Amino acid sequence: MKGEPVTPSRPTQPAADPRRWWGLVVIAIAQLMVVLDATIVNIALPSAQRALGVSDANRQWVITAYTLAFGGLLLLGGRIADLVGRKRTFMIGLVGFALASGLGGAATSPGMLFGSRALQGSFAALLAPSALSLLTTTFTIGKERSKAFGIYGAIAGGGAAIGLIAGGLLTEYLNWRWCLYVNVPIAALAFAGAAVFLHDKPVRAPAHLDVRGAALGCAGLVAIVYGCSEAQPRGWDDGRVLGLLAGGVTLLGVFAWWQTRARHPLLPLHIVRDRNRAGAFLTMGLAVISMFGMFLFMTYYFQVVLGYSPVKAGLAFLPMVAAIVVGATQISARLLHRVAPRMLMVPGALTAAVGLFLLTFLTARPAYASHVLPTELLFGLGMGLIFMPVMATATGGVALRDSGVTSATVNTAQQVGGSIGTALLNTIATSTGATYIASRLADAARRNEGRLTPALRDAVVKEGVVHGFNVAIGVGSLIMLLAAVIAGLMITTRTAKQGPVTEEEPPVSDRRRV
């Protein structure tokens with residue numbers, strides 16, 4: 001009626017998909033499968049080596065073939081998801097991963113096993129970025145986004161430890177082949193769930209792929225990951241290692257230059273020029289360096305020094321998995337929409353660093369309750385506080401057409417960080433441990449007039465191994481402190497950005513240079 005105030009109409013929000021939480025379950029299952037597969041075969045490796053006659057020199061390829069293909073092809077997989085559809089790419093990745101896993105479980109020769117692991121890594125490079133991108137585009141606002149990323153962050157942080165537990169159980173009670181066969185029913189379940197519960201948002205993007213950029217980026221990442229893996233047996237000063245690392249850095253430099261000229265770049269540089277997003281990538285990479293080194297050392301400590309069975313060694317990681325879940329889902333997920341992301345990342349990195357520092361006092365005597373358990377609880381809680389806000393910050397506010405490649409960049413930081421951490425910290429541990437053992441054996445021989453009993457030799461070797469772990473974990477603690485500094489200085493946003501923005505133009509924050 002005349003004279004009545006006119007109430008401005010509010011834009012209506014599209015109704016939320018009532019099945020989106022089932023979609024999260026599907027994404028979580030697929031991501032867990034990808035993450036744990038990087039470690040599930042570690043405990044099974046000795047059995048597989050004996051069964052197939054794999055030489056000591058070549059056994060590393062069971063792990064390296066997966067990490068090379070996974071880390072090298074992630075950027076390409078992310079861009080494919082943006083071009084052909086994230087749900088479609090996700091489902092193709094599931095089918096390929098299942099087939100490759102079945103082929104590996106049925107392997108009758110070393111070459112067949114190595115090839116199947118490379119295929120697994122290739123399809124994981126499709127699966128991982130499309131899973132995170134689907135999560136990013138499904139949960140876009142408020143508490144729901146925080147809760148979803150909390151669950152995803154718990155999986156990303158704890159999946160590797162769960163892989164050690166699953167590998168121990170499957171190897172001891174079935175056989176090593178089931179560490180690969182187990183992926184087939186899991187992938188089938190996720191595929192059926194994806195068909196019903198996942199919905200992809202249409203992307204108005206040109207159907208073009210930057211072939212030259214894909215070749216440069218993939219070759220650079222493969223060279224760096226391969227160089228890090230070769231540093232374990234050869235050392236960081238080996239010519240091949242230095243050549244691979246230098247070549248990889250050079251190729252990535254050329255790749256970055258080409259991305260400024262390509263009409264349809266594989267990795268639009270506005271994604272990494274954003275200060276907060278770049279800080280999240282660096283924080284992720286540094287945190288994972290320490291995490292993978294810790295997993296490696298504790299696995300050897302449990303089985304070699306303490307003599308745990310594979311199952312007992314795997315179960316010894318359970319407190320850390322529980323702490324990661326609590327940190328990600330009960331703390332980070334509840335606070336992210338209320339506090340600045342760095343207010344979670346910095347305390348998380350500091351807590352994890354303190355946990356690692358406690359391990360530097362470890363000895364060859366059993367010390368699970370006094371040293372290992374407090375470390376697992378502190379480290380797990382810290383990683384739970386880091387992973388969830390890092391992923392939310394890295395993927396929030398990016399253009400919808402770039403969500404796949406942005407998710408791939410997060411996974412690349414995680415994968416490259418894990419490769420560097422395993423190689424760098426293992427090299428430090430073995431070199432310092434060998435020096436310690438040689439010195440102590442020489443001293444013992446002088447005191448005993450050249451006579452060394454087997455028991456004394458074994459005791460010195462165990463002490464040397466643990467000494468090497470202590471030094472390397474101390475370095476890992478310093479790297480975690482650096483992650484805290486990076487997060488505190490670079491990630492300045494006051495709140496985590498929401499989900500993807502519109503297609504037409506990247507957000508202003510994406511165009512801001514560091």
Within region 261-383: Cβ-based charge dipole about Cα centre, in debye rounded to nearest 20 (Lys, Arg +1; Asp, Glu -1): 540 debye
Between helix 454-490 and the chain: long-axis angle, C-alpha atoms, 0 to 90°, nearest 10: 20 degrees
DSSP loop GluC sites (Glu not before Pro) with at most 11 other Cβ within 10 Å excluded, longest remaining stretch of the chain: 1-448
Per-q log10 I(q)/I(0), region 224-333, q = 0.11, 0.14, 0.15 Å⁻¹ (Debye; single scatterer per alpha-carbon; no solvent): -0.64, -0.91, -0.97
Percent RCO, i.e. relative contact order, over the chain, from Cα pairs under 8 Å lying at least 6 residues apart: 23 percent
Ser407, Ser431, Ser109, Ser477 arranged by Cβ crowding within 10 Å, fewest neighbours leading: Ser109, Ser431, Ser477, Ser407
Chymotrypsin sites (Phe, Trp or Tyr not before Pro) within region 331-430, DSSP loop, no more than 13 other Cβ atoms inside 10 Å: Phe361
Under 14 Å, Cβ to Cβ, from Ala51 - net charge with Lys/Arg +1 and Asp/Glu -1: +3
Quarter of the Cα convex hull surface for the chain, i.e. its orientation-mean projected area (nm²): 27.0 nm²
Total formal charge among the other residues, if their Cβ is under 12 angstrom from that of Ile486, Lys/Arg +1 and Asp/Glu -1: +2
Total formal charge among the other residues, if their Cβ is under 15 angstrom from that of Gly243, Lys/Arg +1 and Asp/Glu -1: -1
Helix axis angle, 142-173 relative to the chain longest principal axis, alpha carbon, degrees: 30 degrees
The chain, helix-only ellipticity at 222 nm - DSSP H runs n ≥ 4, -39,500 (n - 2.57), divided by all residues, nearest 500: -24500 deg cm²/dmol
Separation of the Ala195 and Val254 label points, Cα + 7 Å toward Cβ, nm: 4.4 nm
Residues Met383, Met391, Met294, Met91 arranged by fewest to most Cβ contacts within 10 Å: Met91, Met391, Met294, Met383
Leading residue at positive end of dipole, region 211-264 (Cβ point charges), from Gly220, Trp236, Ala246: Gly220
Cα principal axis extents for region 211-264, largest first, Å: 42, 13, 9
Proxy reagent accessibility, fewest Cβ within 10 Å first, across Arg263, Arg19: Arg263, Arg19
Inter-site label distance for Asp237 and Arg457 at 7 Å from Cα along Cβ, in nm: 2.8 nm
Gained length - Thr435 relative to Leu478, 0.36 nm times residue gap less alpha-carbon distance: 13.3 nm
Nearest-ten-degree value, helix 40-52 long axis tilted from longest Cα axis of the chain: 50 degrees
Pairwise label distance in nanometres, Leu373 with Thr108, each label 7 Å out on the Cα-Cβ vector: 5.0 nm
Efficiency of FRET between Leu489 and Phe361 - r from beta-carbon atoms, R0 35 angstrom, step 0.05: 0.70
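Every number here is computed from the coordinates shown, using simple stated rules; none is lab data. Fair warning: this is a prediction, and the values are worked out from it, not measured in the lab. Using ideal geometry, Cβ is built from the backbone for each residue, glycine included, and neighbour counts are taken over all protein chains shown.
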